[in-house]
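Worksheet: one structure, shown below.
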Amino acid sequence: MRMRYKYVLFDLDGTLTDPKEGITKSFQYALQFFDIQEELSNLLKVIGPPLLDSFMDFYGFTREKAEAAVEKYRERFREKGIYENALYPGVQEMLLDLKSHGAKIALATSKPQLFALQILEHFAIEKYFDVKVGSELDGTRNYKDEVIEEVLCQFGFPNRREVLMVGDRKHDILGAKKCGIDSAGVSFGYAEPGELEAAGADYILHSVKDLQMFLIQEETKDL
């Protein structure tokens, strides 16, 4: 057995964990502060993209208003939402298998690094990651290509042909393309139908087990 890619970068929300309850309830909480009532079922679209963009793109907020809304979101998220989350079945086993085969694993998320590290610790999976990169609370490194570049920097700028970005939204795929690395989209996250294909994902996997089997190839022997 061998690794298809030496360096594997994972998104967090919708890829390793299912954060639906915490993110949608915290986003709803922020909208309510601005007298906007929204059903939780309509907020799946905000799982993945930078929060600032979601408030501006989906609700027409100015940047200043969006920044205030992000602070309201975090008011609830840091107390409750961060723990309204679940590890996808099979993720811990997959990470352990990857490490046993010599993979270099990174977290590459647009979620603030402060919260991302807390989530990894909460689910006891932080030990599997060689590099952990998220955004900063002040908005620095808010976009996926910026996150990926920082990961590559911390890895010492490896051969980009040996690097794969794994994520569930177009932002992960487009960020990977911008950085010149391959991408794998996972359909069990929060992408809209056809979103990963339209973004140009190099591969699409439909379960954690499929992803694990894809990443770790069975070596063929010459007859």
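Please list, ordered by first then second residue, the pairs with beta carbon atoms under 7 Å, 6 or more apart or interchain, first in region 1-24 and closer than 19 Å to Tyr128 by Cβ and among the acidic types (Asp, Glu), second open to solvent by less than 20 Å² (accessible area, probe 1.4 Å) and assigned to a loop (DSSP other than H, G, I, E, B).
Asp11/Asp168; Asp13/Pro19; Asp13/Ile47
Restricting attention to region 4-38, which residues are of a type in the set (Ser, Thr, Tyr), closer than 25 Å to Leu96 by Cβ and touching a Lys or Arg at 6+ places or on another chain (Cβ under 8 Å)?
Step one: filter region 4-38 for residues of a type in the set (Ser, Thr, Tyr), giving 5, 7, 15, 17, 24, 26, 29.
Next, only the ones that are closer than 25 Å to Leu96 by Cβ stay: 5, 7, 15, 17.
Across region 4-38, the qualifying residue is only Tyr7.
What's the number of the only condition in (1) hydrophobic (A, V, I, L, M, F, W, C); (2) within 15 Å of Leu137 (Cα to Cα); (3) modelled with pLDDT of 95 or more that Phe55 fails to meet?
Condition (2) is where Phe55 drops out.
Does region 146-155 contain any residue that is touching a Ser or Thr at 6+ places or on another chain (Cβ under 8 Å), on the phi < 0 side of the Ramachandran plot, in a loop (DSSP other than H, G, I, E, B) and open to solvent by less than 10 Å² (accessible area, probe 1.4 Å)?
No, every residue in region 146-155 fails to be touching a Ser or Thr at 6+ places or on another chain (Cβ under 8 Å), on the phi < 0 side of the Ramachandran plot, in a loop (DSSP other than H, G, I, E, B) and open to solvent by less than 10 Å² (accessible area, probe 1.4 Å).
Mind checking which residues of region 1-42 are surrounded by 16 or more Cβ atoms within 10 Å (Cβ to Cβ) and assigned to a helix (DSSP H, G or I)?
Lys20, Gly22, Ile23, Thr24, Lys25, Ser26, Phe27, Gln28, Tyr29, Ala30, Leu31
If you go through region 43-50 one residue at a time, do you hit one that is in contact with a strand residue (DSSP E or B) (Cβ under 7 Å, 6 or more places away or on another chain), in a helix (DSSP H, G or I), in contact (Cβ under 8 Å) with a residue 12 or more places away in the chain and closer than 29 Å to Ile181 by Cα? First the steps, then the outcome.
To start, the set of residues in region 43-50 that are in contact with a strand residue (DSSP E or B) (Cβ under 7 Å, 6 or more places away or on another chain) comprises 47-48, 50.
Adding the requirement that they be in a helix (DSSP H, G or I) leaves none.
Within region 43-50 (the criterion being in contact with a strand residue (DSSP E or B) (Cβ under 7 Å, 6 or more places away or on another chain), in a helix (DSSP H, G or I), in contact (Cβ under 8 Å) with a residue 12 or more places away in the chain and closer than 29 Å to Ile181 by Cα), the answer is no, since none of the residues qualifies.
If Asp53 passes every condition in (1) at positive phi; (2) part of a helix (DSSP H, G or I) but one, which one does it miss?
It is condition (1) that Asp53 fails.
How many residues, within region 20-43, are among the charged types (D, E, K, R) and either at pLDDT below 95 or over 18 Å from Phe188 (Cα atoms) (or both)?
Result for region 20-43: 4.
Any idea which residue in region 89-140 is farthest from Leu164 (Cα to Cα), counting only those that are of a type in the set (D, E, K, R), open to solvent by 60 Å² or more (accessible area, probe 1.4 Å) and modelled with pLDDT under 95?
Asp138
Listed residues Ile173, Ile204; which is modelled with pLDDT of 95 or more, within 16 Å of the chain's Cα centre (by Cα), open to solvent by 20 Å² or more (accessible area, probe 1.4 Å) and among the β-branched types (Val, Ile, Thr)?
Of the residues listed, the single one that is modelled with pLDDT of 95 or more, within 16 Å of the chain's Cα centre (by Cα), open to solvent by 20 Å² or more (accessible area, probe 1.4 Å) and among the β-branched types (Val, Ile, Thr) is Ile204.
Answer with yes or no whether Ser135 is closer than 23 Å to Leu96 by Cβ and hydroxyl-bearing (Ser, Thr, Tyr).
no
Based on this model, can you work out whether Glu64 counts as out of contact with any Pro (no Cβ under 8 Å at 6 or more places or on another chain), open to solvent by 60 Å² or more (accessible area, probe 1.4 Å), closer than 20 Å to Gly14 by Cα and without any contact (Cβ under 8 Å) to a residue 12 or more places away in the chain?
no
Taking interchain pairs and intrachain pairs at least six residues apart, which have beta carbon atoms under 8 angstrom, with the first residue in region 183-198 and open to solvent by less than 10 Å² (accessible area, probe 1.4 Å) and part of a helix (DSSP H, G or I) and the second among the acidic types (Asp, Glu) and at pLDDT 95 or above?
Going by the 8 Å Cβ cut-off, the qualifying pairs are Leu196/Asp168.
The values are calculated or read from the model by the stated rules, or taken from the named source; none is laboratory data. Keep in mind that what you see is a predicted model, and the values were worked out from it rather than measured. Cβ sites come from the backbone with ideal geometry, for glycine too, and all protein chains shown count toward neighbours. We work out accessible area using only protein heavy atoms, side chains counted, and drop any ligands, DNA or RNA first. Shrake-Rupley method; radii C 1.70, N 1.55, O 1.52, S 1.80 Å.
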